[in-house]
Amino acid sequence: MGEIEIDNLTKRFGSTTAVDGLSLDIEDGEFLVLVGPSGCGKSTTLRCLAGLESESSGDIYIAGDHMNYRVPQNRDIAMVFQDYALYPHMTVRQNMRFGLEEEEGYTAEERDERVEEIGEMLGIANLLDRKPDELSGGQQQRVALGRAIVRDPEVFLMDEPLSNLDAKLRAQMRTELQRLQNRFGVTTVYVTHNQTEAMTMGDRIAVMNDGELQQVGEPLELYHAP
Ligand code: ADP
Ligand code: ADP
């Protein structure tokens, strides 16, 4: 269960109000796309959800637990950024295994099996012994996704994860991300400034502007809105 409740979230940086009283409920297993122009507060919202940024006011609950930036939580949240941030000195296998190191309840063998399984699923099983600099951008992005999902997170946060890819690969990865989410039912918040991505990927779309939530709805509802 990974439902998210955001209640009147505000985040200021000095005199800039990056997020301004945002309230939003995201259901367990939902794929929510957060869309809006550059600088409207999408990343800051996501970073607050991830516990990477402290809120100025307001509350965030994940699976009913109050998230508090100052008190580390034991929630299983995976985040994928625009720059994949793979460890350059590690192989793909080691990068993916790294995501499992902190997890209890796996034997060494099970960790290896899990990496193989996710590698198969993402079509990178033949690349497991390469280093990141021997991979294309799209392959690196798959590894970053693999490292995030290998430990079966309850919440998956993605910040423009496809923006460094070319159009063809982006379309392909879009489909794959949806398939992954359908298969695992992980609650996903996906940040993008790309309308097409928002329309095609989201169960629901939350439109932000200038720190505020403007609209929330299913793609067709928003599309047909006057
Ligand atoms: P988006 O992700 O929609 O592009 P951001 O959340 O990155 O928007 O930024 C929202 C606003 O907050 C912008 O005006 C940005 O300059 C500002 N901002 C974001 N992070 C910081 C920070 N660490 N320090 C100061 N201002 C910031
Ligand atoms: P995105 O493109 O995903 O919105 P940004 O490139 O705006 O992200 O921000 C990347 C990093 O820089 C974040 O850690 C953010 O907090 C920080 N940042 C963004 N805007 C500012 C700003 N005006 N001043 C200081 N730091 C900022």
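The values are calculated or read from the model by the stated rules, or taken from the named source; none is laboratory data. Bear in mind the structure is a predicted one, so any value in this text is a computation, not a measurement. Please note: Cβ atoms are built from the backbone with ideal geometry, for glycine as well, and neighbour counts cover all protein chains shown. Calculation scope for accessible area: heavy atoms of the full protein, side chains included, ligands and nucleic acids excluded. Shrake-Rupley method; radii C 1.70, N 1.55, O 1.52, S 1.80 Å.
Looking at the chain, the DSSP beta bridges with both ends there are about 55 percent antiparallel.
Each Lys and Arg adds +1 at its Cβ and each Asp and Glu adds -1 at its Cβ; summed about the Cα centre, the chain shows a dipole of about 780 debye.
Computed over the chain with a Gaussian network model linking Cα atoms closer than 10 Å, the most mobile of Ser23, Ser56, Ser136 is Ser136. Please report the base-10 log of the normalised intensity I(q)/I(0) for the chain, using a Debye sum with one equal scatterer per alpha carbon and no solvent, at each q in 0.10, 0.12, 0.17 (1/Å). Rounded to two decimals, the profile gives -0.45, -0.66, -1.25. Annotation: lysines with alpha-carbon distance below 26 angstrom to Lys42 (same-chain offsets under eight excluded): Lys11, Lys168.
Test of understanding: extend the Cα→C-beta vector of Phe81 to 7 Å, then name every residue of region 181-199 with backbone N under 18 Å from that spot. Taking a point 7 Å out along Cα→Cβ of Phe81, the residues of region 181-199 whose backbone N falls under 18 Å are 189-193.
With the charge dipole of region 80-197 set up from +1 on Lys and Arg Cβ and -1 on Asp and Glu Cβ about the Cα centre, the Cα lying farthest toward the positive end among the listed residues Gln82, Val143, Asn164 is that of Asn164. In a fully extended conformation the segment linking Asp65 and Glu134 would gain 20.7 nm over its present Cα-Cα distance, using 0.36 nm per residue.
Can you tell me what the convex hull of the Cα atoms of region 77-123 projects to on average, as an area in nm²? Projected over every direction and averaged, the Cα hull of region 77-123 covers 4.0 nm².
For region 129-157, list residues with backbone N below 11 Å from a point placed 7 Å from the Cα of Thr200 toward its Cβ? Answer for region 129-157: none. Of the accessible area of region 67-226, computed with a 1.4 Å probe over protein heavy atoms only, carbon and sulfur atoms account for 44 percent.
Assuming R0 = 30 Å, can you tell me the calculated FRET efficiency for the pair Ala125 and His193, based on Cβ-Cβ distance, to the nearest 0.05?
On the way: r = 33 Å, r/R0 = 1.09.
The calculated FRET efficiency here is 0.35.
Normalised per residue, the accessible area of the chain is 49 Å², obtained with a 1.4 Å probe and no contribution from ligands, DNA or RNA.
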